[in-house]
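Visitor: Pasting in a structure now, in structure tokens, and then I'll have a few things to ask.
The values are calculated or read from the model by the stated rules, or taken from the named source; none is laboratory data. Keep in mind that what you see is a predicted model, and the values were worked out from it rather than measured. With ideal geometry, Cβ positions are generated from the backbone for all residues, glycine too; neighbour counts draw on all protein chains shown.
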Amino acid sequence: MSGLPPEKTLIDDLLADQKKLFTPVADFADRHEREPDLAGHYRNLIPLSKPGPGEQYAFEVALDKCTSCKACVAACHSQNGLDENESWRDVGLLLGGDEAPGWQQTITTACHHCADPECLNGCPVQAYEKSSETGIVRHLDDQCIGCSYCIFKCPFDVPKYSKKRGIVRKCDMCHDRLAEGEAPACVQACPTEAIKIVKVNVAEKAKLGSRDMGWLNGAPPASITQPTTRYTGREVPTSAHAADHDDLTPEHAHWPLVIMLTLTQAAVGLFLGSLFLSPETRAHLTFSALSLALFSIGLVAATLHLGQPLKAWRFFLGLRTSWLSRELLAFTILGGFLTAPLLNHVPLPPPLGFLPSIINHPAFLAFSAGTALAAVFTSVKIYQTTNRRLWKSAITFPRFYGTVTLFILLTLATISPVASFGFVLAIIGKLALDLIQLRVPSLARERTIVTTALRPISLLRVVGVLGAALLLPFSPLAALPVLLLSELAERTLYFKAVRPLKMPGFLP
């Protein structure tokens, strides 16, 4: 009996069935081998007609079909010739949270071609356009100055900066392929057909707002920009959150912006303080010259944050919607006002002898002071409108105008001991405000970063302001560089500790 083959068991049958099963990728390849012409198949993944009135194209992602194979990422990269570390489509991970602790879901995401795109609204040079026919939001590479403000404004981390080109780029839904009736690269490459192009009614989505069941729990709120992407196929728990939600990696410092914001606000403070000094005094000349010098250095530093600085003259194109455009205009005007006080200290030819009487007139001084404060206000709005918690108005207003106040009091300390006392009180108040802000429960992650990874910068911040307070009674000019160093540290924390809004990602 030993020569007879062994009896098949249930396990043998199950193993035999497994050998016949195709993985999604294998099934995808087999289908292409059996049916070389799949044009009809791919046309099922896109609408057969263009959007009608009130409609636009949108991505639809079936969560139950996404396997995290990243074929969509590779196809997008190849189709668009992206740089080595550049990606217009990403795959992230959602975890279920307290409601469903064992739940997880991979998420493929690209540009959501929002109904109210913040990238377009914030761009200072109109380098974005939203098609009236298809609703696709396109980036115009030849218009871009590489300021990266759209990266701050987009709550989904969609625009990507290309260091090689000095501009920002992003997904355009392969609009040229769609125009020819062909599916976008990511749609065509997905082996499980998890990604499709559909038509959505923009007006209906706007009415639904945060109740739009096509949007994701655990992603930034849909109400910010009204994203049109629909996620279907699986219910997402209300407690779901991104896998990298608790990531404590500090963000980029954006050194040119750190320097620009600190020096321009210090310059405004010195300028406003000098308005209370007699125009004939040496102190007035000193602080007016320092104000103009710091302001000029700050503006030069800001150009280092632009990938295409020679195109920055077109900033006026975005004045209607962009706070960055308004900041550039305000700073351009302010430069003239900061230069004016120096005319009190230079010999003028007879035809220009009337100028000192104008620049020292109370109305001119009041207008120049208002312009200086308005310029700082535009800087506040640039960051406050990004929806990042550490940059909200309750934090940004005191930080930016607090810097201005410190340098006003430092200037006035040359003529009044009371100003020195006020300077100390302002420092104490600003440090106390920092502590209070970081005790807010919603800023727990930011507080952890400030007290751990960024602890040396935090200590430099505290030591700097205390050192400036000790030096001020002896010499305001000696206290000035120490105070500048402290404010630079504070602004560095402002950028590095912020939590950016973005779609779910993986832990690094």
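Visitor: Only residues that are of a type in the set (S, T, N, Q), buried (at least 17 other Cβ atoms within 10 Å of the Cβ) and in a helix (DSSP H, G or I): list them for segment 358-406, please.
Guide: Passing the criteria: Ser368, Thr371, Thr378, Ser379, Gln384, Thr396, Thr403, Thr405.
Visitor: Something else: Can you tell me how many residues within segment 339-357 are of a type in the set (Gly, Ala, Ser) and either assigned to a helix (DSSP H, G or I) or not assigned by TED's automatic domain parsing to the domain that holds Ser325 (or both)? Can you show your working first?
Guide: First, the residues of segment 339-357 that are of a type in the set (Gly, Ala, Ser): 340, 353, 357.
Next, only the ones that are either assigned to a helix (DSSP H, G or I) or not assigned by TED's automatic domain parsing to the domain that holds Ser325 (or both) stay: 340, 357.
Qualifying residue count, segment 339-357: 2.
Visitor: Can you go through Phe295, Phe276 and tell me which one is within 15 Å of Ile415 (Cα to Cα), among the aromatic types (Phe, Trp, Tyr) and over 20 Å from the mean Cα position of the chain (by Cα)?
Guide: Residue meeting the stated conditions: Phe276.
Visitor: Provide a single number: the residues in segment 55-107 that are in contact with a Leu (Cβ under 8 Å, 6 or more places away or on another chain), more than 22 Å from Pro117 (Cα to Cα) and either part of a strand (DSSP E or B) or not assigned by TED's automatic domain parsing to the domain that holds Ser162 (or both).
Guide: Looking only at that region, the number is 4.
Visitor: Quick check on my filter: what residues within segment 302-332 are part of a helix (DSSP H, G or I) and out of contact with any helix residue (DSSP H, G or I) (no Cβ under 6 Å at 6 or more places or on another chain)?
Guide: If the condition is that a residue be part of a helix (DSSP H, G or I) and out of contact with any helix residue (DSSP H, G or I) (no Cβ under 6 Å at 6 or more places or on another chain), then Leu310, Lys311, Ala312, Trp313, Arg314, Phe316, Leu317, Leu329, Thr332 are the ones that fit.
Visitor: Continuing with this model, one more query. Test Arg461 against the criterion of being surrounded by 22 or more Cβ atoms within 10 Å (Cβ to Cβ) and not aliphatic (A, V, I, L, M), and give yes or no.
Guide: Details: surrounded by 22 or more Cβ atoms within 10 Å (Cβ to Cβ): yes; not aliphatic (A, V, I, L, M): yes.
In short, yes.
Visitor: On to the next question. Which is touching a residue at least 60 places away in the same chain (Cβ under 8 Å) and surrounded by fewer than 17 Cβ atoms within 10 Å (Cβ to Cβ), of Glu129, Glu118, Glu99?
Guide: Numbers: Glu129 fails: touching a residue at least 60 places away in the same chain (Cβ under 8 Å); Glu118 fails: surrounded by fewer than 17 Cβ atoms within 10 Å (Cβ to Cβ).
Result of the check over Glu129, Glu118, Glu99: Glu99.
Visitor: Looking at segment 463-472, is at least one residue among the β-branched types (Val, Ile, Thr), part of a helix (DSSP H, G or I) and out of contact with any Pro (no Cβ under 7 Å at 6 or more places or on another chain)? Show your work before the answer.
Guide: If we filter segment 463-472 for residues that are among the β-branched types (Val, Ile, Thr), which is where we start, we get 463, 465.
Still in the list and also part of a helix (DSSP H, G or I): 463, 465.
Now drop any that are not out of contact with any Pro (no Cβ under 7 Å at 6 or more places or on another chain), which leaves 463, 465.
For segment 463-472, residues among the β-branched types (Val, Ile, Thr), part of a helix (DSSP H, G or I) and out of contact with any Pro (no Cβ under 7 Å at 6 or more places or on another chain): present.
Visitor: For the structure I just gave you, tell me whether Pro227 is touching a Pro at 6+ places or on another chain (Cβ under 9 Å), in a loop (DSSP other than H, G, I, E, B) and over 28 Å from Gly122 (Cα atoms). Please lay out each step first, then the result.
Guide: Values: touching a Pro at 6+ places or on another chain (Cβ under 9 Å): yes; in a loop (DSSP other than H, G, I, E, B): yes; over 28 Å from Gly122 (Cα atoms): no.
Spelling it out, it is not the case that Pro227 is touching a Pro at 6+ places or on another chain (Cβ under 9 Å), in a loop (DSSP other than H, G, I, E, B) and over 28 Å from Gly122 (Cα atoms).
Visitor: Report yes if Ile449 is touching a residue at least 12 places away in the same chain (Cβ under 8 Å) and either buried (at least 17 other Cβ atoms within 10 Å of the Cβ) or of a type in the set (Asp, Glu) (or both), otherwise no. If you could, list the steps in order and put the result at the bottom.
Guide: Numbers: touching a residue at least 12 places away in the same chain (Cβ under 8 Å): yes; either buried (at least 17 other Cβ atoms within 10 Å of the Cβ) or of a type in the set (Asp, Glu) (or both): yes.
Criteria met by Ile449.
Visitor: Considering each of Thr448, Thr452, Thr492 in turn, give the residue that is closer than 24 Å to Gly269 by Cα and not small (Gly, Ala, Ser).
Guide: Working: Thr448 fails: closer than 24 Å to Gly269 by Cα; Thr452 fails: closer than 24 Å to Gly269 by Cα.
Thr492 is the lone residue from the list that is closer than 24 Å to Gly269 by Cα and not small (Gly, Ala, Ser).
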